[in-house]
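Q: This structure is in structure tokens; I'll ask about it shortly.
The values are calculated or read from the model by the stated rules, or taken from the named source; none is laboratory data. Predicted, not measured: the structure shown is a model, and the values here were computed from it. FYI the Cβ positions are ideal-geometry reconstructions off the backbone, even for glycines, and counts take in every protein chain you see. Side chains are part of the model used for accessible areas, which takes the heavy atoms of the whole protein and leaves out ligands, DNA and RNA. Shrake-Rupley method; radii C 1.70, N 1.55, O 1.52, S 1.80 Å.
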Amino acid sequence: MNRLAALLCCAVLPLAAWAQEPPGRVARLSLVEGEAAVFADAEQGWEAARVNSHLTSENSVWTEPGSRAEVRFGTKALRLGETTQLDILRLDDDAFHAHLVRGALAVRIRETDGGESFLVTTPEARFQLRGNGRYRIETDPGRGESRLVVFSGTARLEVAGGYISVDTSRGVRVTGGERPRYEFEPAWATPLDEWALARDQRWEERESARYVPHEMTGWEDLDDYGVWRNEPEYGPVWFPTRIAVGWAPYRYGRWSWVRPWGWAWVDDAPWGYAPFHYGRWVHVGNRWGWYPGRHVARPVWAPALVGWVGGSGWSLSVSTAPTNVVGWYPLSPYEAYQPWYTANVTYINRVNRVVLPYRGDRDGRRDGRPNGRYDGRDDYRHPNRGPGATVVPRDQFGTRRPVQNVATPVSRDVVAAQPIVSGNVVLPSRNEWRQRTRPADVTPPAAAPWANDSSASRPRPAAPVTTVTPGKPPIAGAPAPQPRPGSPAAQAPAPQTRPNAFTRPAPAPVAKPSAPPASAPSAPAPNASPNAFTRPAPAGQSMRAKPTQPERVAPAPQVQQKPVAGPASPAVQRPAPVAKPAVPHQEKPGGGGNPAASHQEKPGSGPQEKPGSGPQEKPAKP
């Protein structure tokens with residue numbers, strides 16, 4: 001009996017280790033205009049934002065004054081205005097839940113599944129975005145005010161025990177404080193909306209849409225930097241056109257730690273997202289091409305589709321001294337991906353749907369050589385290992401230094417003599433990486449083939465008309481910012497550092513009054529800054545108090561005047577520029593010109609609100 005119990009335990013333990021399935025999609029920071037920062041690791045704090053950075057659950061994005069940023073995942077796009085902080089609470093295959101701490105967020109949903117949840121909360125309200133459409137959400141914690149504008153689609157404002165629908169061409173403003181209230185208003189556009197609409201046009205008339213699904217994050221950049229060709233052995237293959245001689249996949253970029261996957265590749269190329277996290281790479285006619293694989297409605301994201309060579313004891317003579325090294329190469333369409341993180345069989349099979357059978361298996365040849373192109377130097381089972389291997393010293397792996405700066409030249413024969421191993425054998429552990437990585441350990445990358453491309457470094461947009469005021473809470477334990485000598489910031493009071501991620505005051509619950517008051521709402525009290533700056537557990541988002549049903553503010557009977565520039569509310573107060581903790585200073589590109597003035601659509605374009613009318617509140621659910 002004891003022996004049988006021991007055998008059962010041995011059989012259950014491997015199943016438990018493979019029970020977890022990582023999320024199949026991850027967001028991409030696809031564009032930064034000006035300066036922005038991301039918060040992905042509590043030990044590293046805020047870091048300078050880089051295009052192609054990965055964003056997932058419990059990550060945050062911050063934009064500096066006069067800056068903008070774009071985040072994409074699948075067919076969804078999030079555009080952050082200036083001085084905006086967005087906390088991503090949950091991002092997986094079924095839901096996207098985020099909290100807008102301050103600023104403005106433009107949302108574009110092109111396609112959505114019936115059971116997918118899209119929720120954005122603010123300190124005053126909870127908004128459900130339902131279906132395809134264009135939306136804008138704003139919040140000003142200083143005034144205790146939030147706003148939702150629906151240009152197309154439909155949304156809901158959650159209240160205690162029910163919801164209020166907001167249809168196309170309408171908006172709703174929620175005033176917080178001790179007595180939350182809401183009032184409807186016509187939809188009106190801002191420069192952020194116009195910029196977002198121009199970015200949406202990148203989805204239209206793209207050749208890549210014929211070969212890849214829309215749910216593949218990063219496909220919209222392929223047409224600008226490469227061409228599609230039909231290869232007899234693989235079918236449609238995308239070839240980049242702006243690369244240097246000797247370029248190879250997974251060589252120009254860096255490795256970053258992303259939970260729960262661990263090591264993930266971040267490429268330097270402006271197009272370098274979809275080709276490095278989906279599909280496979282092929283080497284045809286001394287050129288590298290990307291094979292997207294067979295069409296799947298929602299492909300599964302992987303941190304890096306590479307194979308690992310060598311072992312824990314592989315060493316080379318670097319600078320006249322033996323040094324332990326780590327090597328990798330891009331997987332071909334004939335190789336299966338083996339993750340170095342905990343994953344179940346279902347997840348692995350979904351990633352490997354693009355794998356092709358060997359040409360020999362299809363043609364009945366015994367040697368299995370693909371297309372008879374075996375030249376004796378490379379193993380036909382791993383055709384990319386020879387021409388595409390990249391080797392770096394082990395102590396330089398994951399230091400956030402660009403790989404091209406620390407790569408060690410190694411001949412094909414040396415690489416071919418090393419075995420193919422699992423990533424768990426050669427990759428540094430998190431503890432090892434944490435001990436030798438400092439928050440400020442950032443090195444500028446070497447000149448890449450696309451360094452002179454104007455689209456890789458866009459100028460800062462004109463700042464909207466706004467008044468900038470200080471008031472962001474500091475991160476606990478963060479060093480004081482050091483302004484440059486002689487700069488205006490040196491004479492001004494020291495600005496506050498960025499707020500810590502996932503710290504927000506909960507809306508104050510209040511009871512619904514017996515009758516709507518006839519007087520205008522009183523000015524709300526500013527939200528107090530929280531005392532603790534610790535990151536809550538993922539389940540903590542459900543503990544956030546929902547705003548109770550706000551009071552409906554009836555419009556005045558007199559004739560409304562047409563607004564000229566935005567709603568008739570005071571200008572939004574936004575925080576002053578802040579210094580990033582432990583991030584090297586970078587010179588901002590000069591940008592002259594007048595600030596971009598916001599324009600307004602005519603209120604008559606949407607349904608008009610009559611006194612005492614409007615959508616009826618639905619009763620509370622039992």
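Q: Can you give me the ranges of the strands (runs of 3 or more DSSP E) entirely in the range 19-93 with at least 2 residues that are of a type in the set (Val, Ile, Thr)? Working first, answer last.
A: Numbers: elements: 27-33, 36-39, 46-48, 59-63, 68-73, 76-80, 85-91.
Here the list reads 59-63.
Q: Give the residue, chosen from ASP92, ASP87, that is in contact (Cβ under 8 Å) with a residue 24 or more places away in the chain, acidic (Asp, Glu) and in contact with a strand residue (DSSP E or B) (Cβ under 6 Å, 6 or more places away or on another chain).
A: On the way: ASP92 fails: in contact with a strand residue (DSSP E or B) (Cβ under 6 Å, 6 or more places away or on another chain).
Answer to the check: ASP87.
Q: Could you list, in sequence order, all residues of the range 229-255 that are out of contact with any Asp or Glu (no Cβ under 6 Å at 6 or more places or on another chain), outside any loop (DSSP other than H, G, I, E, B) and buried (at least 22 other Cβ atoms within 10 Å of the Cβ)?
A: We begin by selecting, within the range 229-255, every residue out of contact with any Asp or Glu (no Cβ under 6 Å at 6 or more places or on another chain); these are 229-236, 238-251, 254-255.
Keeping just the survivors that are outside any loop (DSSP other than H, G, I, E, B) gives 229-231, 235-236, 238-240, 254-255.
Once the filter is applied, which keeps residues that are out of contact with any Asp or Glu (no Cβ under 6 Å at 6 or more places or on another chain), outside any loop (DSSP other than H, G, I, E, B) and buried (at least 22 other Cβ atoms within 10 Å of the Cβ), the range 229-255 yields TRP238, ARG254, TRP255.
Q: Residues in the range 326-342 that are open to solvent by less than 10 Å² (accessible area, probe 1.4 Å) and over 22 Å from PRO383 (Cβ atoms): how many?
A: 0
Q: Continuing with this model, one more query. Hey, among ASP93, ASP87, ASP167, which residue is of a type in the set (Asp, Glu) and open to solvent by less than 10 Å² (accessible area, probe 1.4 Å)? Walk me through how you get there before you give the answer.
A: Working: ASP93 fails: open to solvent by less than 10 Å² (accessible area, probe 1.4 Å); ASP167 fails: open to solvent by less than 10 Å² (accessible area, probe 1.4 Å).
One residue alone meets the criteria, ASP87.
Q: Kindly provide the set of residues from the range 256-267 that are part of a loop (DSSP other than H, G, I, E, B) and either modelled with pLDDT of 95 or more or open to solvent by less than 10 Å² (accessible area, probe 1.4 Å) (or both), ordered by number.
A: The initial filter retains those residues of the range 256-267 that are part of a loop (DSSP other than H, G, I, E, B), namely 259-261.
If the condition is that a residue be part of a loop (DSSP other than H, G, I, E, B) and either modelled with pLDDT of 95 or more or open to solvent by less than 10 Å² (accessible area, probe 1.4 Å) (or both), then TRP261 is the only one that fits.
Q: Would you confirm whether or not the range 118-135 contains a residue that is under 18 Å from THR217 (Cβ atoms), free of Cβ contacts under 8 Å to residues at least 40 places away in the same chain and surrounded by fewer than 22 Cβ atoms within 10 Å (Cβ to Cβ)? Please lay out each step first, then the result.
A: Step one: filter the range 118-135 for residues under 18 Å from THR217 (Cβ atoms), giving 118, 132.
Now restrict to residues that are free of Cβ contacts under 8 Å to residues at least 40 places away in the same chain: 132.
If we keep only those that are surrounded by fewer than 22 Cβ atoms within 10 Å (Cβ to Cβ) too, we end up with 132.
Yes, some residue in the range 118-135 is under 18 Å from THR217 (Cβ atoms), free of Cβ contacts under 8 Å to residues at least 40 places away in the same chain and surrounded by fewer than 22 Cβ atoms within 10 Å (Cβ to Cβ).
Q: Restricting to the range 86-129, and then to whatever is in contact with a helix residue (DSSP H, G or I) (Cβ under 9 Å, 6 or more places away or on another chain) and basic (Lys, Arg), can you tell me which residue is nearest to LEU148 (Cα to Cα)?
A: Let us first name the residues in the range 86-129 that are in contact with a helix residue (DSSP H, G or I) (Cβ under 9 Å, 6 or more places away or on another chain), namely 89-90, 97, 99, 104-108, 110, 121.
In the following step, the residues that additionally are basic (Lys, Arg) were identified as 90, 108, 110.
Values: ARG90: 21, ARG108: 13, ARG110: 18 Å.
Once the filter is applied, the top-ranked residue is ARG108.
Q: Being in contact (Cβ under 8 Å) with a residue 60 or more places away in the chain and within 9 Å of VAL32 (Cα to Cα) is the filter here; which residues of the range 56-75 pass it?
A: Taking the range 56-75 first, the residues in contact (Cβ under 8 Å) with a residue 60 or more places away in the chain are 56-60, 62, 64-68, 70, 72-75.
Correct list: SER67, ARG68, GLU70.
Q: Kindly list, by first and then second residue, each pair from a residue in the range 162-182 that is under 16 Å from THR122 (Cα atoms) to a residue that is open to solvent by less than 30 Å² (accessible area, probe 1.4 Å) and of a type in the set (Phe, Trp, Tyr), limited to pairs with Cβ atoms under 6 Å and residues at least 6 apart or on different chains.
A: Close Cβ pairs satisfying both conditions: VAL172/TYR182; VAL172/PHE184; VAL174/TYR182.
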